[in-house]
Structures are given as structure tokens and as C-alpha cells.
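The values are calculated or read from the model by the stated rules, or taken from the named source; none is laboratory data. What you are looking at is a predicted structure, and each value in this text was computed from that prediction instead of being measured. Don't worry about glycine lacking a Cβ; one is built from the backbone with ideal geometry, like all the others, and counts go over all protein chains shown.
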Amino acid sequence: MQWTRPVTLSAPLVLLTGAAGWLGGRVAAALTTGLPDAGLLARGDFRVRALVPTGEDVSQLREQGLEIVTGDIREMQSIRAFVSGAEGAVLIHMAGVIHPKKVAEFEAINTQGTINLVTAAQKAGVRRVVIMSSNSPVGFNPHSDHRFTEESPYSPHAGYGRSKMLMEKALRAEMAADSPMEIVIVRAPWFYGPNQPPRQTLFFKMVKDGKFPIVGSGRNRRSMGYTDNLTQGILLAAVHERAAGDIFWLADETPYTMNEIVEVVSMVLREDFGMAVKPNTFHLPDIVGDIARIADATLQYAGIYHQKIHVLSELNKTIACDITKARKVLGYAPKIALREGMRLSVDWCLKNGQAF
């Protein structure tokens, strides 16, 4: 295999949270076996240690050679065991909760859990921390041609966005305090790729059945990130000298309209996999999204999280970012675009028991 995007890590140890998850699993692979489709491999004489929730299947991570610490990011005992002997290490923090059982979990995990981890990492002598954030702290774009940059003001959407905003603010205060530990924040939008959870496979099924709801005109734009593209940016943020103390948007080359996303998935299913795809006739007026946002806000205020209502509340909104800074500073160059990324995603589903 020709590794067209090798990234050299000089740290003796890489600490990784979220390794059992969707995107975190791709980072774990890049650090160990490499990601052939993206030509991506981390080089260097380093060990990888993962903090994994109790009960998760870690067999693949062990096969990849990772050291495993089981525990909970909300528990200091777990965190201390994870960062023990980590002087000079790099921490890549991918763990978080997007669709919780209770709204209170957002801040307990995404905000306070991250703050506790970063504090312990600094005490342990970790050299650099790369923190995964989201588009949610800045909310929605004002119109479909607008792009968020790293200077866009905070305007968080719902509990998840607020939890990530509070986390970012705490870390940026630490950066401003001239912490000896280097902190880098990376923001990723809606991502897609192999190892996806069932909710993403449901998206494919809805498109196949002609039942994915287009809310409004469908001309609103969404930045998306193929997982291997994002992994490239994460590794560059872990090693690039100019990344320290900064924040970067990571995504595919360009945002896509919702109509385009559905059309590309339909094309992949039909042309690449020979599936019968029904025409998508499920169109809803903009007011449905408005009502869903009111319902979502009301439920979350009461401490209740309803995943389908929350997702519906975003479907007619533009959430799009500009990756110019990551390209110029980090040398970030997303390789895989929407059609190829969706083809690889569907192929993974069909080979791994997620047929639809």
C-alpha cells in the first residue's frame, strides 16, 4: 500500500477516547493499521492507549494493538488511570454524547467530562490535546450561501450545542492563560463513513424507500465530513506546530444541498448496488421544521431528549463551514467526496450485517 498521506507522530504515547465509536474507531485504525482508502497512516514509535466505556466490545481494538483502560469519562478514577504515565503524550479526545437518554448527560459528558480530562492530562504532563467539537456551538447559518469560519460567534443550538460551547469556552480560557499544554479544537459537521451506527443506516433505508423527508425546498446546504477525511485533519491537528492554541473546521471540500445528498445516495444505491430506489416524494413545508424546533426546545427545557424531533428540527437549516484555515495552516486536503464516501459507507453496511 502506498501511504499518500503519512503523518509522523513524535510522542511516545497517544491517548485516545471514543475509540469504540464511529469516528474514533477510524482514528484508532489510522494510528495502527492505516486507512487504505484515504492513503492515511500515522508513523512513529508510539503506543496507543484507549479509554473505553465498560461493556464495549474491545476485541478489534486489542487486535490493533491498543492498550485498553475501561471506565467512564465522568469518573476521576477512570481518568487518572487513563492518563497515568502520560508525560509527553498526545491526547485525542473523541468521546462525547450526541443523542442521550437525558438532556443532563450533555453537560455531564461533553462539558464537565472534557474539562476533567483536560485538567488531569495537564497534571500528567500531556504535551498536546486535540479536542473534537461540533458545528452546534454556532448554530445555523443565516442563509444558504453563508459559511461559518473559526471567527463566527457562538449561537448554540439546543442542549448539545450549549454543552459543546461551554466546553470550548473553558478550553479557550485555558489557551488564553498560556497553559504549558497545547490545546487544539477541531469542529466537525454531520459525518458519514464505515462503522456507522444504525441511525445512519436508517437514513439509507429511508432514501431507498423514498421516505426521507425533504423539509422546505431542499436547497439548504449541509457540510458533511467523510470519516477518513476528518481523521486526516485530526491527525494533522495532533502534529502540526502551528495548530497549537487554535481552532479549525474540518469537513469535505464543499457543502452539499439536502437535495444533492439524497440524490447522490439514491444514485449510489441504484447504480453501484443495483437496488430498486423509489422516487423521493416525501416533501414537508418549512413550518414543520419550525414546529419541530419549538417542540425540541420545549422538551429539552423539561430535560427530555427526543432524537427524531431534534433531527427533524434541523432538516431545513443550512449548517455549512469554510475549511480554508485548515487547508492553509494544517495542509488539510479532503480526498474522498460525497459519492465515493457514500459508496464505501453502503458497501460497509452490506458486508457488516446492516442490510436495508
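Considering (1) of a type in the set (D, E, K, R); (2) buried (at least 22 other Cβ atoms within 10 Å of the Cβ); (3) closer than 25 Å to Ala124 by Cα, the lone condition that Arg187 does not fulfil carries the number (3). Quick one: would you say Ser155 is under 29 Å from Leu344 (Cβ atoms) and at pLDDT 95 or above? No; evaluated as a whole, the condition is false for this residue. Number of residues in the range 195-243 that are part of a loop (DSSP other than H, G, I, E, B) and at pLDDT 95 or above equals 12.
Tell me the residue from Gly96, Gly85, Gly113 that is out of contact with any helix residue (DSSP H, G or I) (no Cβ under 7 Å at 6 or more places or on another chain) and in a loop (DSSP other than H, G, I, E, B), please.
Gly85
Listed by first and then second residue, the pairs linking a residue in the range 78-94 that is free of Cβ contacts under 8 Å to residues at least 60 places away in the same chain and over 19 Å from Ala244 (Cα atoms) to a residue that is of a type in the set (Val, Ile, Thr) and in a strand (DSSP E or B), with Cβ atoms under 8 Å apart and 6 or more places separating them unless they lie on different chains, are Ser78/Val69; Ser78/Thr70; Ala81/Val69. Residues considered: Ala170, Ala120, Ala108. Of these, the only one that is surrounded by fewer than 22 Cβ atoms within 10 Å (Cβ to Cβ), touching a Phe, Trp or Tyr at 6+ places or on another chain (Cβ under 9 Å) and in a helix (DSSP H, G or I) is Ala120. Just to verify a result, which residue in the range 54-70, among those that are touching a strand residue (DSSP E or B) at 6+ places or on another chain (Cβ under 6 Å) and in a loop (DSSP other than H, G, I, E, B), is surrounded by the fewest Cβ atoms within 10 Å (Cβ to Cβ)? Filtering first and then ranking leaves Thr54. Exactly one residue out of Gln300, Gln354, Gln307 is farther than 20 Å from Phe191 by Cα, surrounded by fewer than 20 Cβ atoms within 10 Å (Cβ to Cβ) and in contact (Cβ under 8 Å) with a residue 12 or more places away in the chain, and it is Gln300. Looking only at the range 330-341, which residues are hydrophobic (A, V, I, L, M, F, W, C) and crowded, with 16+ Cβ neighbours inside 10 Å? The answer is Leu330, Ile336, Ala337, Leu338. Just one of the numbered conditions (1) buried (at least 20 other Cβ atoms within 10 Å of the Cβ); (2) farther than 30 Å from Leu9 by Cα is not true of Pro156: (1).
Answer with yes or no whether Ala251 is part of a loop (DSSP other than H, G, I, E, B) and touching a Cys at 6+ places or on another chain (Cβ under 7 Å). Answer is yes for this residue.
Taking the numbered list (1) closer than 19 Å to Val239 by Cα; (2) in contact with a Pro (Cβ under 7 Å, 6 or more places away or on another chain); (3) at pLDDT below 90 in turn, Arg5 passes all entries but (2). Hey, can you tell me all the residues within the range 267-284 that are of a type outside the set (A, V, I, L, M, F, W, C), surrounded by 14 or more Cβ atoms within 10 Å (Cβ to Cβ) and within 12 Å of Lys211 (Cβ to Cβ)? Scanning the range 267-284 gives a single hit, Asn280.
Cβ separations smaller than 6 Å between residues 6+ apart or across chains give the following pairs from the range 329-345 residues that are within 14 Å of Thr254 (Cβ to Cβ) to residues that are modelled with pLDDT of 95 or more and in a loop (DSSP other than H, G, I, E, B): Pro334/Asp252; Pro334/Glu253. What are the residues in the range 301-356 that are closer than 24 Å to His146 by Cβ and of a type in the set (D, E, K, R), if any? Across the range 301-356, the qualifying residues are Glu314, Lys317, Asp322, Lys325, Arg327, Lys328.
Name the one entry in Ser144, Ser133 that is touching a residue at least 40 places away in the same chain (Cβ under 8 Å), in a strand (DSSP E or B) and of a type outside the set (D, E, K, R).
Unique residue meeting the criteria: Ser133.
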